[in-house]
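What follows is one structure encoded as structure tokens, with my remarks underneath.
The values are calculated or read from the model by the stated rules, or taken from the named source; none is laboratory data. Since we're looking at a predicted model, the values are computed, not measured. In this analysis, Cβ positions are derived from the backbone assuming ideal geometry, glycine residues included, and neighbour counts consider all displayed protein chains.
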Amino acid sequence: MTKLLLIGGGHAHLSILRSLLNENVNNLEVTLITSSKFQYYSGMFSGFTEGLYDEDEIRIDLESLCSRASVSFIEDTIISFDPMQKVLLGFSGGIYSFDVISFDIGSGISSDLTRTVGLNIKPNYRFPEQIKKFRSSESPVIIGGGSAGVELALATSAWRQKQSLKNHVTLISSSPLLHSYGNKATKKIREIAKSHNLVYYENEKIDKLENNIVVTDKGTKIEYSAIMPVTGPKASSLFKQALLSTDIKGYLLVDDTLQSADYPYVFGAGDCVSLSIYPDLPKNGVYAVRQGPILWNNIKRLITGRTLVSFKPQKYYVSILSTGHKHGLFTYGDYVIYGKWAWSLKNLIDQKFMNKHL
């Protein structure tokens, strides 16, 4: 009997669990180990922040899903990993052995402010509690002008307007807003931000915090009562500690078969890995979703001694950002369009995804 451990409940592993609902693999014992029995879906975080969804609507019950898929479920956080001895240690003291292992544990927040200001939306099961504190704070400030930061800033602003809270939300970005989406998206999101009473600063970095004042590297002083860092991703320290090959930032290095460069029985997918032949691939759920079937196929192929297949990321993908008040920004390559229909489409896609796990 081959023992397969799935560490983390991200998109790729959810895909495997869904496959196992209707698939029986002989001589394979599958166990999911993750830090929470619930996996919160980040695509609906903005809607929850704005008050459009309840908590139960944005989370997947992993324990229940595992039970239906005949997969063992363990709630624990892995703190140590010995790939050579094929053993892991959990925070609970649990020791877990395996024949094949896959990691889909996501990433953290890169900002040092998470230790200073106390608010951190990762791991994602902390999100509901953290965002409730943040959105009701007197002078909330979000750090990070990427898609997550922009969405949460606009959603917080929309929620506060509904609650008749007077103070505005502030967003500070070290680059132009939505810089990675291109100039058209940047220009449009600036218009949306102004119309939604969102105050934003671009091309400014946090220099220091003093007496509830944020001071940027340009000398701008911004009053705050709560700060939510939503900056770039940060790799887990687990892989470097295990002496596995990683990229320069610490992400597990895998090839196009999603295998570790060191051990063929170690796989990884999603935001916790870096693909050796696609080193600049963005950390987002689009690629993790597409990696899921490839990952599952390759795990089965490894076990049965067959040739593995390659993951090839798409060049362009559809992205829909929630911009508050049930409106959205639709992007595909250089194509950018804003409207209520975009949010409706996003909501339909998100609901369809969540319904797959009921």
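Yes or no: I79 assigned to a strand (DSSP E or B) and surrounded by fewer than 18 Cβ atoms within 10 Å (Cβ to Cβ)? I'd like the intermediate steps shown before the answer.
Details: assigned to a strand (DSSP E or B): yes; surrounded by fewer than 18 Cβ atoms within 10 Å (Cβ to Cβ): yes.
Criteria met by I79.
Only one of these conditions is not met by S36: (1) under 25 Å from F353 (Cβ atoms); (2) out of contact with any Pro (no Cβ under 8 Å at 6 or more places or on another chain); (3) not in a strand (DSSP E or B). Which number is it?
(2)
Yes or no: L244 under 24 Å from the mean Cα position of the chain (by Cα), in a loop (DSSP other than H, G, I, E, B) and assigned by TED's automatic domain parsing to the domain that holds I142?
Numbers: under 24 Å from the mean Cα position of the chain (by Cα): yes; in a loop (DSSP other than H, G, I, E, B): yes; assigned by TED's automatic domain parsing to the domain that holds I142: no.
No: the conditions fail for L244.
Given the criterion in the same structural domain as V254 (by TED's automatic domain parsing) and in contact with a His (Cβ under 9 Å, 6 or more places away or on another chain), identify the matching residue among S102, S97.
After applying the criteria, what remains is S102.
Residues that are more than 30 Å from D82 (Cβ to Cβ): which strands (runs of 3 or more DSSP E) entirely in the stretch 100-186 hold 1 or more of them?
Fully inside the stretch 100-186 and qualifying: 140-143, 170-172.
Please state which of the following conditions Q291 fails to meet, knowing it meets all the rest: (1) crowded, with 17+ Cβ neighbours inside 10 Å; (2) in contact with a helix residue (DSSP H, G or I) (Cβ under 9 Å, 6 or more places away or on another chain); (3) without any contact (Cβ under 8 Å) to a residue 40 or more places away in the chain.
(3)
I'm trying to understand the selection: among the residues of the stretch 277-303, which are at pLDDT 95 or above and polar (S, T, N, Q)?
Q291, N297, N298 - these are the residues of the stretch 277-303 that are at pLDDT 95 or above and polar (S, T, N, Q).
Listed here are the residues, each with its yes/no results for (1) over 30 Å from N26 (Cα atoms); (2) modelled with pLDDT under 95; (3) exposed (fewer than 15 other Cβ atoms within 10 Å of the Cβ).
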{"residue": "T49", "(1), (2), (3)": "yes, no, no"}
{"residue": "I74", "(1), (2), (3)": "no, no, no"}
{"residue": "Q85", "(1), (2), (3)": "no, no, yes"}
{"residue": "L88", "(1), (2), (3)": "no, no, no"}
{"residue": "F91", "(1), (2), (3)": "yes, no, yes"}
{"residue": "F103", "(1), (2), (3)": "no, no, no"}
{"residue": "P123", "(1), (2), (3)": "yes, yes, no"}
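Does the stretch 173-181 contain at least one residue that is under 20 Å from S139 (Cβ atoms), out of contact with any Asp or Glu (no Cβ under 9 Å at 6 or more places or on another chain) and at pLDDT below 95?
No, that holds for no residue.
Residues in the stretch 194-207: is at least one aliphatic (A, V, I, L, M), free of Cβ contacts under 8 Å to residues at least 60 places away in the same chain and either in contact with a strand residue (DSSP E or B) (Cβ under 7 Å, 6 or more places away or on another chain) or not in a helix (DSSP H, G or I) (or both)?
Residues of the stretch 194-207 that are aliphatic (A, V, I, L, M), as a first pass: 198-199, 206.
Then keep just the ones that are free of Cβ contacts under 8 Å to residues at least 60 places away in the same chain; that gives 198-199.
Then keep just the ones that are either in contact with a strand residue (DSSP E or B) (Cβ under 7 Å, 6 or more places away or on another chain) or not in a helix (DSSP H, G or I) (or both); that gives 198-199.
Scanning the stretch 194-207 turns up at least one residue that is aliphatic (A, V, I, L, M), free of Cβ contacts under 8 Å to residues at least 60 places away in the same chain and either in contact with a strand residue (DSSP E or B) (Cβ under 7 Å, 6 or more places away or on another chain) or not in a helix (DSSP H, G or I) (or both).
I need the strands (runs of 3 or more DSSP E) fully contained in the stretch 261-358, keeping only those with at least 1 residues that are in contact with a His (Cβ under 6 Å, 6 or more places away or on another chain).
Values: elements: 266-268, 273-275, 318-324, 327-332, 335-339.
Here the list reads 318-324.
Condition check ((1) surrounded by 13 or more Cβ atoms within 10 Å (Cβ to Cβ); (2) of a type outside the set (S, T, N, Q); (3) modelled with pLDDT under 95; (4) under 14 Å from M44 (Cα atoms)) across all residues:
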{"site": "K315", "(1), (2), (3), (4)": "no, yes, yes, no"}
{"site": "L321", "(1), (2), (3), (4)": "yes, yes, no, yes"}
{"site": "G339", "(1), (2), (3), (4)": "yes, yes, no, no"}
{"site": "L348", "(1), (2), (3), (4)": "no, yes, no, yes"}
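Among the residues that make up the stretch 6-18, is at least one of them modelled with pLDDT of 95 or more, over 18 Å from the mean Cα position of the chain (by Cα) and surrounded by fewer than 16 Cβ atoms within 10 Å (Cβ to Cβ)?
no
Would you point out which residue out of I95, I131, I142 is touching a Ser or Thr at 6+ places or on another chain (Cβ under 6 Å) and either among the hydroxyl-bearing types (S, T, Y) or more than 16 Å from G9 (Cβ to Cβ) (or both)? Lay out the reasoning, then the answer.
On the way: I95 fails: touching a Ser or Thr at 6+ places or on another chain (Cβ under 6 Å); I142 fails: touching a Ser or Thr at 6+ places or on another chain (Cβ under 6 Å).
Going through I95, I131, I142 in turn, the sole match is I131.
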